[in-house]
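The values are calculated or read from the model by the stated rules, or taken from the named source; none is laboratory data. Only a predicted model underlies this, so the values are computations on that prediction, with no experimental measurement involved. Positions of Cβ are generated from backbone atoms using ideal geometry, with glycine treated the same way; all protein chains shown enter the neighbour counts.
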Amino acid sequence: MTDLEEYRQSVRRWCADHVPPDWRARQTGVTGAGFAQFQQWWFAELRSAGWAVPHWPAEWGGGLSVAEQEILYSELAAADAPRLVLQFVAIHHAAATLLAAGTPEQRRRHLPAILDGEVWCQGFSEPGAGSDLASLRTTALRDGGAYIADGQKLWASGAAHADWCLLLARTDPAAPKRKGISYFLLDMKTPGVDVRPVRNAVGESHFCEIFLAGARIPAENLIGPENAGWQVAQQTLGAERGLTMLELAERLGHAGFRWLVASCREAGLLDDSRVTDTLAGFETEIEGLRGLCRSQVAGTSAGPADASVVKLYYSELLQRMTDFGVTVTGVPGFTALAKPASSGWESGIWPLDFIGSWEWTIPGGTSEIQRTIIAERGLGLPRGA
Amino acid sequence: MTVTGAEAAEVREELRDVARSLLAGDPAPSAKRLASAGWTGLEVPEELGGAGVTFAETAVICEELGRAAAVSSFLGAAVLGAGTLLELSPSAARDDLLAAVAAGDATPVAVLPGEAGFVPSAASATHLLVVEPGGVTVAVPGDAGVSVEALPVIDETSRLARVSVSGASGGPVLPFAGDPSAVIGRLRDRAAVAVACDSLGAAEAMLETTVAYVKTREQFGRAVGSFQAVQHACADMLVALRVSRELVSAAVTAVAGGAPDAWVRAAMAKSHACAAAVDVAGQAMQLHGGIGYTWESGVHVYLKRALLNRSLFGSPAGHRQRLATRY
Ligand SMILES: Cc1cc2nc3c(=O)[nH]c(=O)nc-3n(C[C@H](O)[C@H](O)[C@H](O)COP(=O)(O)OP(=O)(O)OC[C@H]3O[C@@H](n4cnc5c(N)ncnc54)[C@H](O)[C@@H]3O)c2cc1C
């Protein structure tokens, strides 16, 4: 047996011992606190196996090879393990930002804390600044040893549970749009920070508004140079895309496709050739998606817009698959009012999964924005007006 | 030839470059030309005058033939003809024919079960390899009981013929080296993946041409490629082709390595790449405007080729039905 095959077997055994068989039922209809508690427990389980942050450098507690990470994600997906939702921003965006632009002191302060369960959110978007993020208006003006933040952030996922926030704010209101923005680490317990959950289309309250009224951010919590926040954000936003997408593709390929076939079987539709044609089409597309993710992670097909290709393709495939799930399960599918928290975007409660698929086509650059990026950066078409 | 993965990839890139420039100069290479370039003998063992490499190299040529919308006997004679011979138990008859293929002196085509009505390149074939569960009968056009009727084809870059070989006319039956049903399955996978490669190459050519055109064509005082509707259509073409490429690469690797699940990879690649190529070529026609609809522009050549490819050796729906037998 090769080392990698042995590794796969060890992950598989671990999953068999550690993934609670009834977690879906236990996570259905839980409160926000119940969800957060479960997430922290699962994160700690993964951490004790050494798998909470496999993509981090070894000195900070990660250090798995890309091949090992692929295996890890594929096995977790095959075992239908819970997803890391609560820690997502912390282990991906926050860590990437700290590693790329943080001072040694900032890294020492936060990376170990993240491993201990510190939760982060991302405060980028605003009511007036979505796709055109650089038009953001929240300000953070220097006042002695601190910056005073005022403004409103919108759609910050998980902010109700967050200890810290990655904040973009304008430090030079007179400078051109992209030149006057700085990047901050904001302690959510700072006086003047007010979080209000916003109920989303599925009915959950995962994303929030954040109001900032005279919130003092100590100057040592500026990350990267003053007024260079836009560059830092650009650098780190896509940093973890490859592996994140690999995980999601594996989930779609394992549990997602299995649920879909099971739904078709339960509905007695597996001898309808229109249904099996659609299923086989999805299976084919998922295989293509997995290939794309693997090539991207391995760096064998690096095109300038690869991250956009993968994000766009995944999100629209997810949307089409979940829509198909709705048609297959029909009216009976509408009587389940909650899907398990901590699940992926394909829980098998298809109407809610389908509604939830817009969580992928809207954030992080909408599908329209991704297509424009692919055309302009990937294909070199002239910039639009 | 034993080469490592990285070396093999390098060799394939060289092969691709050579093929691209050869076909740019001669989009209708003769069998002799294909042989002198070394393509018909790619998979033929070295001791018979071939290169002794794998289907992965053959696939590179298929893709480039598609990119150039080339007219050739490669699919019929090298991919399927030589491919069929390589599945036979070694014999003098087999080896002579393989050596002749590598040298460009013979262009045998395979007549797969149920496919005799539309055999690629049969009208110019020197031999007909009639594939049946019991083995291969080698028939020669012109002999009694052997009829080959060239068919008119809307795709002017493809050559199809109806073949019929009546009972007694053939020569001896050459046995397969392996289990006949597995062999026939492998030959069908080869055919499907070769056509998928052709479609991928053709579609990539169409995207490239389209991108170049919309960058320079101006309307309303600006390049039409700066209009978002045009940009997004091009982005969708690229995404579809990136997915096709992943599926085709996986299928080529599986077929070349004789993987047990090669038929699954082949069905996925064939159904996706051949359908996507039609969409891409159709979108290319649309984005070229009126020019794209002219005979002169050549877009129709690719659209027709992609359309025919989609139906050859199993429709997308047919391949998906095979995949669905696993659910
Ligand atoms: C579930 C969810 C979670 C989120 N989590 C976070 C988070 O944690 N932190 C955070 O900061 N933000 C988050 N967001 C915000 C998200 O990034 C924005 O919603 C997104 O960037 C779109 O901005 P918008 O909502 O203002 O839409 P708009 O930008 O107003 O877009 C409206 C429509 O116009 C289209 N459009 C806009 N500009 C163009 C253009 N140039 N060309 C073509 N079409 C265009 C868009 O595609 C869209 O269809 C989240 C959003 C959602 C839905």
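Pick from region A:157-215 the residues that are of a type in the set (Lys, Arg) and away from the ligand (no atom under 16 Å from the Cβ): which of them is farthest from the other protein chains (Cβ to nearest Cβ)?
Per the criteria, the residue is A:189.
How about region A:341-370: which of its residues are more than 14 Å from chain B (Cβ to nearest Cβ) and within 6 Å of the ligand (Cβ to nearest atom)?
Listed by number, the residues that qualify are A:359, A:362, A:363, A:364.
What residue, of B:233, B:150, is surrounded by fewer than 21 Cβ atoms within 10 Å (Cβ to Cβ) and within 23 Å of the chain's Cα centre (by Cα)?
B:150
Which residue is surrounded by the fewest Cβ atoms within 10 Å (Cβ to Cβ), if the candidates are limited to region B:252-273 and must be among the charged types (D, E, K, R) and part of a helix (DSSP H, G or I)?
The extreme case among them is B:265.
Within region A:264-274, work out how many residues are in a helix (DSSP H, G or I) and either facing another protein chain (nearest Cβ under 7 Å) or surrounded by 21 or more Cβ atoms within 10 Å (Cβ to Cβ) (or both).
2
Has region A:16-29 got at least one residue that is among the β-branched types (Val, Ile, Thr), more than 28 Å from residue A:122 (Cα to Cα) and not in a helix (DSSP H, G or I)? Break it down into steps so the answer makes sense when it comes.
From region A:16-29, those among the β-branched types (Val, Ile, Thr) are A:19, A:28; that's our starting set.
Next, only the ones that are more than 28 Å from residue A:122 (Cα to Cα) stay: A:19.
Now narrow it down to the ones that are not in a helix (DSSP H, G or I): A:19.
Among the residues of region A:16-29, at least one is among the β-branched types (Val, Ile, Thr), more than 28 Å from residue A:122 (Cα to Cα) and not in a helix (DSSP H, G or I), which makes the answer yes.
Considering only region B:229-247, how many residues are facing chain A (nearest Cβ under 7 Å), over 13 Å from residue B:269 (Cβ atoms) and of a type in the set (A, V, I, L, M)?
Final tally of qualifying residues: 3.
Could you say which residue among B:74, B:118 is touching a strand residue (DSSP E or B) at 6+ places or on another chain (Cβ under 8 Å) and not β-branched (Val, Ile, Thr)?
Selected residue: B:118, the only one of B:74, B:118 that is touching a strand residue (DSSP E or B) at 6+ places or on another chain (Cβ under 8 Å) and not β-branched (Val, Ile, Thr).
Would region A:296-318 turn up any residue that is among the polar types (S, T, N, Q), touching a residue at least 40 places away in the same chain (Cβ under 8 Å) and within 16 Å of the ligand (Cβ to nearest atom)?
Yes, region A:296-318 has at least one match.
So which of A:66, A:30, A:11 is touching a helix residue (DSSP H, G or I) at 6+ places or on another chain (Cβ under 6 Å) and at pLDDT below 95? Talk me through it step by step, then tell me what you get.
Working: A:30 fails: touching a helix residue (DSSP H, G or I) at 6+ places or on another chain (Cβ under 6 Å); A:11 fails: at pLDDT below 95.
Matching residue, one of A:66, A:30, A:11: A:66.
Taking region A:268-301 as the search range and keeping residues that are at pLDDT 95 or above and among the hydroxyl-bearing types (Ser, Thr, Tyr), which one is nearest to the chain's Cα centre (by Cα)?
A:284
How many residues are in contact with an Asp or Glu (Cβ under 6 Å, 6 or more places away or on another chain) and among the small types (Gly, Ala, Ser) if we restrict to region A:58-89?
Total meeting the criteria: 2.
Among the numbered criteria (1) modelled with pLDDT of 95 or more; (2) over 25 Å from residue B:309 (Cβ atoms); (3) charged (D, E, K, R), which single criterion is violated by residue B:208?
It fails just one condition, (2).
Please enumerate the residues belonging to region A:134-156 that are buried (at least 20 other Cβ atoms within 10 Å of the Cβ) and within 8 Å of the ligand (Cβ to nearest atom).
Going through region A:134-156, the residues buried (at least 20 other Cβ atoms within 10 Å of the Cβ) turn out to be A:136, A:138, A:140, A:147, A:149, A:151, A:153, A:155-156.
A:153, A:155, A:156, listed by residue number.
In the list B:80, B:75, B:65, which residue meets the criterion of being touching a Pro at 6+ places or on another chain (Cβ under 6 Å), assigned to a helix (DSSP H, G or I) and under 22 Å from residue B:251 (Cβ atoms)?
Of the residues listed, the single one that is touching a Pro at 6+ places or on another chain (Cβ under 6 Å), assigned to a helix (DSSP H, G or I) and under 22 Å from residue B:251 (Cβ atoms) is B:75.
Got a number for residues in region B:76-107 being buried (at least 24 other Cβ atoms within 10 Å of the Cβ) and among the polar types (S, T, N, Q)?
Qualifying residue count, region B:76-107: 2.
If you scan region B:274-327, which residues turn out to be within 14 Å of chain A (Cβ to nearest Cβ), closer than 23 Å to residue B:152 by Cα and either more than 16 Å from the chain's Cα centre (by Cα) or not in a helix (DSSP H, G or I) (or both)?
B:314, B:315
Within region B:151-158, can one find any residue that is within 20 Å of residue B:73 (Cβ to Cβ) and hydroxyl-bearing (Ser, Thr, Tyr)?
Yes, some residue in region B:151-158 is within 20 Å of residue B:73 (Cβ to Cβ) and hydroxyl-bearing (Ser, Thr, Tyr).
Scanning for something more than 27 Å from residue A:377 (Cα to Cα) and in contact (Cβ under 8 Å) with a residue 60 or more places away in the chain, does region B:270-281 turn up at least one residue?
The initial filter retains those residues of region B:270-281 that are more than 27 Å from residue A:377 (Cα to Cα), namely B:270-271.
This time we only want the ones that are in contact (Cβ under 8 Å) with a residue 60 or more places away in the chain, so: B:270.
Scanning region B:270-281, I find at least one residue that is more than 27 Å from residue A:377 (Cα to Cα) and in contact (Cβ under 8 Å) with a residue 60 or more places away in the chain, so the answer is yes.
Looking at region A:152-190, which of the residues that are more than 14 Å from residue A:133 (Cα to Cα) and of a type in the set (Val, Ile, Thr) is farthest from the chain's Cα centre (by Cα)?
A:171
It is to be established whether one or more residues within region A:93-115 are within 12 Å of the ligand (Cβ to nearest atom), crowded, with 24+ Cβ neighbours inside 10 Å and under 16 Å from residue A:184 (Cα atoms).
Start the filter on region A:93-115 by keeping residues that are within 12 Å of the ligand (Cβ to nearest atom), which leaves A:93-94.
Then keep just the ones that are crowded, with 24+ Cβ neighbours inside 10 Å; that gives A:94.
Going one step further and asking which of them are under 16 Å from residue A:184 (Cα atoms), we end up with A:94.
Yes.
Please enumerate the residues belonging to region A:116-133 that are touching a Phe, Trp or Tyr at 6+ places or on another chain (Cβ under 8 Å) and more than 8 Å from the ligand (Cβ to nearest atom).
A:117, A:118, A:119, A:120
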